[in-house]
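Quick one: the structure is below, questions incoming.
FYI, it's all coordinate maths here, none of it is from the lab. Since the structure is predicted, the reported quantities are computational estimates derived from the model, not experimental observations. For neighbour counting, all protein chains shown are included, and Cβ atoms are generated from backbone atoms with ideal geometry for every residue, glycine included.
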Amino acid sequence: MADVVNTPALIDFIESGDTTYLITAFAEGEQLGSKVHALLNGTTWARLANADQIALLTWYSQALDIVKAIHQKGFVHRDITDSNFIISDDGKLSIIDFELAFHIVRHKPDPPFLLGTFGYAAPEQLQYAVPDFSEDIYSLGALLCHILTGIPPYEMISDDLHTVQAKLSRLTENRNLTKLAVKCLSMQRSGRPLLIELKGEIIKEINSLKQIA
């Protein structure tokens, strides 16, 4: 089913006073960020082997599918990072760490849990705004920046998106991916692409890479 979230199995849910505990199975595999670092170590996206570019974008495409399933369940994940996606031995992606999640319809938890991962969290998330699906789009833009550069988002991303775009363009030599990542990082929610648009552009890029492989 399209709305099934690929995440470790739920073991138990425990409430103790004002504290709740969600216990899940251990996520076997390697963090997406570890794969990014291994492949981009000492090189840039523009110099990366075609097959490695395809592999990284394919994992990113899987991440988009997972986030889509989360959104279809009514949740904003709010902590999308390279370390919260796990690649299993069969190459499939799963997502972990739902501590900051927020349900749009039920408006729970109320108030939403604060904070987020610096570099990945949307500016409005750090300003304690009511969560919105576009928060995850911003984080997916930060994740795309990381996949394309191997640089932690907190070192790569700033409020000056013209500078971010210039850095990305220089490292990737890919106008389409650079433009897409920067659009996701818009300071305004309305300026970010829809998830379906983001997915479509990534699929086009993968297909283009396969044609020249």
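Using the Karplus curve 6.51 cos²θ - 1.76 cosθ + 1.60 with θ = phi - 60°, work out ³J(HN,Hα) for each residue of segment 129-140 in order, rounded to whole Hz, and write x for Gly and Pro.
Result, ordered by residue: 6, 4, x, 8, 4, 5, 4, 5, 5, 4, 4, 5 Hz.
Where the centroid of each part is defined by its Cα atoms, how far is segment 129-156 from segment 36-103 in Å?
About 11 Å separates the Cα centre of segment 129-156 from the one of segment 36-103.
Could you give the size of the charge dipole of the chain about its Cα centre, using +1 on the Cβ of each K and R and -1 on the Cβ of each D and E, expressed in debye and rounded to the nearest 20?
Details: 18 positive and 26 negative charges, 187 e Å.
With only Lys, Arg, Asp and Glu charged at Cβ, the dipole is about 900 debye.
Something else now. Which angle from 0 to 90°, rounded to the nearest 10, does the C-alpha axis of helix 50-72 make with the longest principal axis of the chain?
Value to nearest ten degrees: 30.
What do you get for Rg/Rh of segment 50-152 when both radii come from the Cα atoms and Rh is the Kirkwood radius? Intermediate values should be presented prior to the final figure.
Numbers: Rg = 13.8 Å, Rh = 14.1 Å.
Using Cα coordinates only, the ratio equals 0.98.
Place a point 7 Å from the Cα of GLU173 along the Cα-to-Cβ direction; which residues of segment 29-60 have their backbone N under 11 Å from it?
Within reach of a label on GLU173, which here means backbone N under 11 Å from a point 7 Å along Cα→Cβ, segment 29-60 contributes 44-48.
Quick one: if the Förster radius is 45 Å, what FRET efficiency do LYS210 and VAL130 give, using the C-beta to C-beta distance and rounding to 0.05?
On the way: r = 41 Å, r/R0 = 0.91.
In this case the efficiency is close to 0.65.
Output the 0 to 90 degree angle, nearest 10, between the alpha-carbon long axis of helix 195-211 and the longest principal axis computed from the alpha carbons of the chain.
The helix 195-211 is inclined about 40 degrees to the chain.
To the nearest 500 deg cm²/dmol, what mean residue ellipticity at 222 nm is calculated for the chain from DSSP H runs of n ≥ 4 alone, each contributing -39,500 (n - 2.57), summed and divided by the residues?
Numbers: 8 runs with 96 residues, N = 213.
Calculated from helices alone, the mean residue ellipticity at 222 nm is -14000 deg cm²/dmol.
Once fully extended, how much extra length lies between VAL105 and ALA51, figured as 0.36 nm per residue of separation less the alpha-carbon to alpha-carbon distance?
Using 0.36 nm per residue and subtracting the Cα-Cα distance, I get 15.3 nm.
Please count, across the chain, the pairs of lysine residues with Cα atoms under 16 Å apart that sit 8 or more places apart or on different chains.
Going through the chain pair by pair, I get 9.
By how many nm would the segment from GLU28 to LYS73 lengthen if fully extended, with 0.36 nm per residue of separation less the alpha-carbon distance? Before the final figure, lay out the partial values.
On the way: separation 45, 0.36 × 45 = 16.20 nm, distance 2.42 nm.
That works out to 13.8 nm of additional length.
I would also like to ask the following. Under the Karplus relation 6.51 cos²θ - 1.76 cosθ + 1.60, θ = phi - 60°, what is the ordered set of whole-Hz ³J(HN,Hα) values for segment 177-189, x standing for Gly and Pro?
These are the phi-based 3J(HN,Hα) values: 5, 4, 4, 5, 4, 5, 4, 4, 8, 3, 5, 9, 4 Hz.
Still on this structure: State the extension gain, in nm to one decimal, for the chain segment bounded by THR58 and SER158, taking 0.36 nm per residue of separation less the distance between their alpha-carbons.
Separation in residues times 0.36 nm, less the Cα-Cα distance, equals 33.4 nm.
Shifting gears a bit: By what distance, in whole Å, do the Cα atoms of segment 28-211 stretch along each of the three principal axes, largest value first?
47, 38, 26
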